[in-house]
């Protein structure tokens, strides 16, 4: 429906009784209106000044500056802007006046309405309705035919063409009897037209010649018949499902999108001692909350519950989501309780056996396989990257490798990675900590012993680490703590690739690659006579020196990020970051225990952190106390961010203040002032 406001010509000028004939003449010339509404200063209507009034003033010989007040008509037809549109149509049809004055809701003049504007608006409305009707008919599934008064086809839509199987060109201008033969003469009625498998509705309408034409609507019922057949199939399927549920061995129920129970089987009702009328069409959380079927609406995945019990009967619930277009539209709960006691006992025995087997398997894997690769050695230090490349090259050969470095620097990680990237990666990786095994047992651990070799020996004897590592790698950790007598025997094995078991006289040949590690100064030990010189040169074929963490400060921040991710997974925590003060403390600390100590400190801090972020107070007291300058300060958020940026820039620049100043975009003197302000130790 057209809005009345949209067809009103707005009056954007004010004409009063004192307006001159000249001014009125200018407005008539400019606006092309037939009358001018005359108002007071508050836009209240006083009358109208028409073109005929203007002509009369001119004929009466008045000058152009003469006010128009004597020629104003007081009898004025007005229309309120909130008048219903149908009422406007009636006014226009019956009014003898060509133009009306339009008032707003407060009876103030706002515009004019002419019959011409009304006719044009009606014409536009009719054209719009015509376009809309044609669009509807074009895309409708209902076939439409229209005839003139002589029953000649003047319109047919695509739907009728599809239903009748005839083209629109072959239908237009044809007589109705040719297109739909045998059509009844009655109008305003429904008919079943078998030839086109349709329902017909015939309606009369008045043509432009005031005679009677016909409109025929056809509804194709072949689709309806198909739907009816599908409905019968669905009914049969529903009956089959209901019969299956009635005789199901276990309890089954189904819910809809609102988690309301739509179907339930008798065995389930028997288990929970419920009536069908109490359960059906009720929210499951009210009648059977213990099934927890609403879980699948959150997880959108099938799941099986733990064992539950009802009146001494154990049962488990299999929760299954029903999905359509990726959205959960319902759920199925399958309650299994028949003979579950026996199943439960068997399950417990199986689980116990699996746990035991898993434990032994894990222990075996830990003792005889390498678990780490080069990806587990976290570093951004150029020297460390070069060291890893050198170690990877050494791994390809067969030579003995000596890994040197302080405790906690990752010597064992390098040993694991070398084995995994070597040609012996399929063989065993056997670890011996020379400092952890008593000296009197070290020889038997290395070479094994024969039956009855000494008091307390096993009846069948025991194979040693060299036997276990045959074809693989033997990692000798803390080799600097090995006794001189055992050093001599180890040297022989390295040279001859054979040994005798304790208490035995049969030579055992082995193919073992040795990787040794120590945190001691072997050169000084050789001078002091604590380590065999010939063994030293035998071991020191390829030497890898891992620098301590204090010499690669830029790795600290990198390790913090990597270790926090790893520890979150291990500890089950959700620590998302570390405060600037805490990070500053970690970057300034010397880390005598190297990476191992850093990992332990982070594990402690992440355990104590309460707000998802490590704070300085979460760090150990000994660490804070050993830092030369205080790092826990009460600073604003802006200062906290500035401090973090400075520490990061200094770390990236390896302590080079000029380079750090360039990274920060400030002068070197400005950087020195910031370092002094935050009392940084650099």
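The values are calculated or read from the model by the stated rules, or taken from the named source; none is laboratory data. Treat the numbers as computed from the prediction; the structure is a model and nothing was measured. A quick note on method: Cβ atoms are made from the backbone with ideal geometry, for glycine too, and the neighbour counts reach across all protein chains shown.
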Matching residues in segment 103-129 (assigned to a helix (DSSP H, G or I) and at pLDDT 85 or above) number 0
Those residues of segment 531-540 that are loosely packed, with under 15 Cβ neighbours inside 10 Å and touching a residue at least 24 places away in the same chain (Cβ under 8 Å) come to a total of 1
Within segment 46-53, identify whether any single residue is within 19 Å of residue 111 (Cα to Cα), in contact with a strand residue (DSSP E or B) (Cβ under 6 Å, 6 or more places away or on another chain) and assigned to a loop (DSSP other than H, G, I, E, B), and answer yes or no.
no
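Is one or more of the residues making up segment 542-558 part of a strand (DSSP E or B) and surrounded by fewer than 18 Cβ atoms within 10 Å (Cβ to Cβ)?
Yes, because at least one residue in segment 542-558 is part of a strand (DSSP E or B) and surrounded by fewer than 18 Cβ atoms within 10 Å (Cβ to Cβ).
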Let me spell it out: the conditions are (1) modelled with pLDDT of 70 or more; (2) surrounded by 16 or more Cβ atoms within 10 Å (Cβ to Cβ), and residue 662 meets all of them except one. Which number is the exception?
(2)
From (1) crowded, with 20+ Cβ neighbours inside 10 Å; (2) without any contact (Cβ under 8 Å) to a residue 40 or more places away in the chain, pick out the condition that doesn't hold for residue 375.
(1)
Scanning segment 1-43 residue by residue, the ones that are under 60 Å from the mean Cα position of the chain (by Cα) and closer than 13 Å to residue 69 by Cα total 0
Pull up segment 453-482, narrow it to residues that are part of a loop (DSSP other than H, G, I, E, B) and at pLDDT 85 or above, then point me to the one that is farthest from residue 419 (Cα to Cα).
482
Looking only at segment 574-604, which residues are in a helix (DSSP H, G or I) and over 25 Å from residue 412 (Cα atoms)?
580, 581, 582, 583, 584, 585, 588
Quick one: in segment 302-325, which of the residues that are loosely packed, with under 12 Cβ neighbours inside 10 Å and in a strand (DSSP E or B) is modelled with the lowest pLDDT?
309
Name the single residue, out of those in segment 389-399 being buried (at least 18 other Cβ atoms within 10 Å of the Cβ) and in contact (Cβ under 8 Å) with a residue 60 or more places away in the chain, that is farthest from the chain's Cα centre (by Cα).
394
Considering only residues that are over 29 Å from residue 87 (Cβ atoms) and free of Cβ contacts under 8 Å to residues at least 12 places away in the same chain, which ones fall in segment 5-55?
23, 26, 29, 30, 55
Could we say that residue 270 is in a strand (DSSP E or B), at pLDDT below 85, over 31 Å from the mean Cα position of the chain (by Cα) and exposed (fewer than 12 other Cβ atoms within 10 Å of the Cβ) here?
no
Among the residues listed as 517, 488, the single one being exposed (fewer than 13 other Cβ atoms within 10 Å of the Cβ), at pLDDT 85 or above and closer than 30 Å to residue 471 by Cα
488
Positions within segment 1-35 being within 17 Å of residue 99 (Cβ to Cβ) and assigned to a loop (DSSP other than H, G, I, E, B), in sequence order
8, 11, 12, 13, 32, 33, 34
If you check residue 216 against the conditions, is it modelled with pLDDT of 70 or more, within 19 Å of residue 159 (Cβ to Cβ) and surrounded by 10 or more Cβ atoms within 10 Å (Cβ to Cβ)?
yes
State which residue is farthest from residue 405 (Cα to Cα) when the search covers only segment 610-641 and only residues that are touching a helix residue (DSSP H, G or I) at 6+ places or on another chain (Cβ under 6 Å), outside any helix (DSSP H, G or I) and at pLDDT below 85.
632
